[in-house]
Amino acid sequence: MIKNKVDYLYYLECDKVALGVNSKKPRPFTDYVWKYQILLRKLEYYVNCKPFPGILNNLIITCIKIRFNKLSVLLGFDIPINVVGPGLCIVHPGTVVISEGAIIGKNLRIHEGVTIGATNMSSKAAIIGDNVFIGSGAKIIGEVTIGNNVAIAAGAVVITDLPSGTFGGVPCKKISDNNSSLNLTPSTNIVDTYFWNNKTIR
């Protein structure tokens, strides 16, 4: 969770590396997913840290929410704040729904058509570790626990805990001992080599 300005800049940098972006700023009529992720982190920063006093901070939050909600509708994303750790990579526009009850670690790579949801009238959803890859159309339902470095294949339906390896099918089962390393960039590892020592952004 973003707790201060340094955290905010760190999350922005990790997300940028995860997305494979080389430019300094999003281009005016493209880079919509990157713009969305920037607004997500900005909203988290202003809600959590309240860098400005009272009314001014609330006004800034309202303005960010308006832009964030418009882009959410445009791209088909329903992702709450303070749920996903640094190094998020939303690969394509297209429906992505994540429950407010989910807890997700760093370096999540997620494709279109994915749902991470609660069930049985519970507000709790999946606890997902670090370096997890989720393929197109996968559904993760209920209070399941997904370990670090897990890969979930396209179209899989997850209703039980997944400790390690690659999983696929309906309901999903283990199909390989391979982990997610071939499917994502552990951007936090890359950023950590220069960010925390220098406290600067490229």
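The values are calculated or read from the model by the stated rules, or taken from the named source; none is laboratory data. Just so we're clear, the structure is a prediction, and the values are computed from it rather than from any experiment. Glycine also receives a Cβ, built like all others from the backbone with ideal geometry; neighbour counts cover every protein chain displayed.
For segment 170-184, the tally of residues that are in a loop (DSSP other than H, G, I, E, B), more than 17 Å from R109 (Cβ to Cβ) and not hydrophobic (A, V, I, L, M, F, W, C) stands at 2. At least 2 residues being over 19 Å from Y36 (Cα atoms) is the threshold, and among the strands (runs of 3 or more DSSP E) wholly inside segment 68-164 those reaching it are 139-141. The lone criterion from (1) more than 25 Å from Y11 (Cα to Cα); (2) in a loop (DSSP other than H, G, I, E, B); (3) not charged (D, E, K, R) left unmet by F167 is number (2). One residue alone among V17, V96 is surrounded by 15 or more Cβ atoms within 10 Å (Cβ to Cβ), hydrophobic (A, V, I, L, M, F, W, C) and in the same structural domain as G137 (by TED's automatic domain parsing), and that residue is V96.
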